[in-house]
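K.L.:
My questions will all concern the structure given below.
The values are calculated or read from the model by the stated rules, or taken from the named source; none is laboratory data. Here the structure is a predicted model, which is why all the values come from computation and not from measurement. Here the Cβ is made from the backbone with ideal geometry for all residues, glycine too, and neighbour counts use every protein chain on show. Ligands, DNA and RNA are stripped out before the accessible areas are found, and what is left, the full protein with its side chains, is counted by its heavy atoms. Shrake-Rupley method; radii C 1.70, N 1.55, O 1.52, S 1.80 Å.
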Amino acid sequence: MAKLIIILTVIISGLFGYPQWQETQTQQKILAATVQITMIVPQWTEGEQQPVEPLPVPPDEYRPIAKVEEYIIAEGLGTVVQENGRFYLITHDHWSQLAANLGDVQFRDATGTLLAEMSLYDFKGLILSRNGGIMIVAAPDALQKSAMIVTNARVTEDDDLWLVHRYEGRVIASQVQKVAADVKNGVGVWRLQGQTVVSGDSGGGVWENGRLVATTWTAVMMESQTSAERRATDLSIAAVLEGMP
């Protein structure tokens with residue numbers, strides 16, 4: 001009887017307990033490698049006449065000094081990975097603020113803890129490659145602790161896919177389904193279904209069996225015929241990660 005109870009316990013645990021444990025572990029690993037990226041770019045306006053700096057200068061030499069009027073904040077997600085001992089930050093490639101010369105970039109983990117901050121100028125110096133869909137950056141040292149190892153993965157129709165996105169102020173990973181493969185602006189993409197993504201979700205990783213395989217690019221929007229209101233659907237487009245530079 002004791003042996004039968006042990007066998008039944010193992011069977012029940014395998015049917016009900018292990019998948020939940022495995023799912024939780026998968027999400028934890030995915031989120032550990034996820035970073036939130038915020039770009040803060042100042043808008044400048046001409047200020048009052050001020051002495052030219054740095055000194056020394058002639059005492060009567062003045063020029064208009066620009067002052068900060070407000071900040072433009074752009075947000076997105078990224079994933080830190082490693083391959084052959086090198087560390088990379090994978091994110092989307094439509095950061096409009098990259099054209100600016102001044103500003104700062106902040107990196108936070110999935111819980112919102114600040115990990116690193118650098119100038120936008122220094123961040124642009126870390127860019128290794130970009131194709132319009134995915135941008136690959138040399139990961140700053142402060143982001144390398146929880147990097148996932150990149151392995152080549154061939155995704156089949158039956159594989160479970162996980163999408164990183166924001167939900168009610170948190171960053172989470174949810175299961176999605178690949179419904180089609182396509183090409184957008186010369187970039188290989190997948191159409192995914194099962195989770196609504198909104199502004200700020202771009203760059204979130206798409207994972208298969210613990211491997212990063214794509215990066216969220218954009219949401220598919222639905223527009224009301226009566227009010228012209230647009231809202232995100234549970235369809236999204238992700239750029240496929242073809243490999244490291």
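K.L.:
Over segment 158-228, with a single point scatterer placed on each C-alpha, what log10 of the ratio I(q)/I(0) does the Debye formula yield at q = 0.18, 0.25 1/Å?
P.N.:
Debye intensities relative to I(0), on a log10 scale: -0.73, -1.21.
K.L.:
Still on this structure, please answer the following. Can you send over the carbon and sulfur percentage of the accessible area for segment 84-147, probe radius 1.4 Å, protein chains only?
P.N.:
Ligands and nucleic acids excluded, carbon and sulfur give 48 percent.
K.L.:
Could you give me the ³J(HN,Hα) list for segment 237-245, computed from phi with Karplus coefficients 6.51, -1.76, 1.60 and θ = phi - 60°, whole Hz, x at Gly and Pro?
P.N.:
10, 10, 7, 7, 7, 8, x, 8, x
K.L.:
Name the residues whose placed amide hydrogens come within less than 5 Å of the amide hydrogen of ILE134, ignoring near sequence neighbours (fewer than 5 apart) on the same chain.
P.N.:
Counting only residues 5 or more places away or on other chains, the set is ASP93.
K.L.:
Now for a different question. Output wanted: per-residue J couplings in Hz (rounded whole) for segment 160-177, from phi through Karplus 6.51 cos²θ - 1.76 cosθ + 1.60, θ = phi - 60°, x for Gly and Pro.
P.N.:
Result, rounded to whole Hz: 7, 10, 10, 10, 8, 7, 8, 8, 6, x, 10, 9, 9, 10, 10, 6, 9, 10.
K.L.:
Can I ask one more? Can you list residues from other chains, or at least 5 along the same chain, whose modelled amide H is less than 5 Å from the amide H of ALA100?
P.N.:
Close amide H contacts, sequence-distant or interchain: none at all.
K.L.:
Now, a different point. What number results when the radius of gyration of segment 112-245, computed over Cα atoms, is divided by 2.2 N^0.38 Å?
P.N.:
Against the compact-globule rule of thumb, the ratio is 1.13.
K.L.:
Testing the spin-label approximation: label points 7 Å from Cα along Cα→Cβ at ASN131 and GLU242. State their distance in nm.
P.N.:
With each label point 7 Å from Cα toward Cβ, the separation is 0.3 nm.
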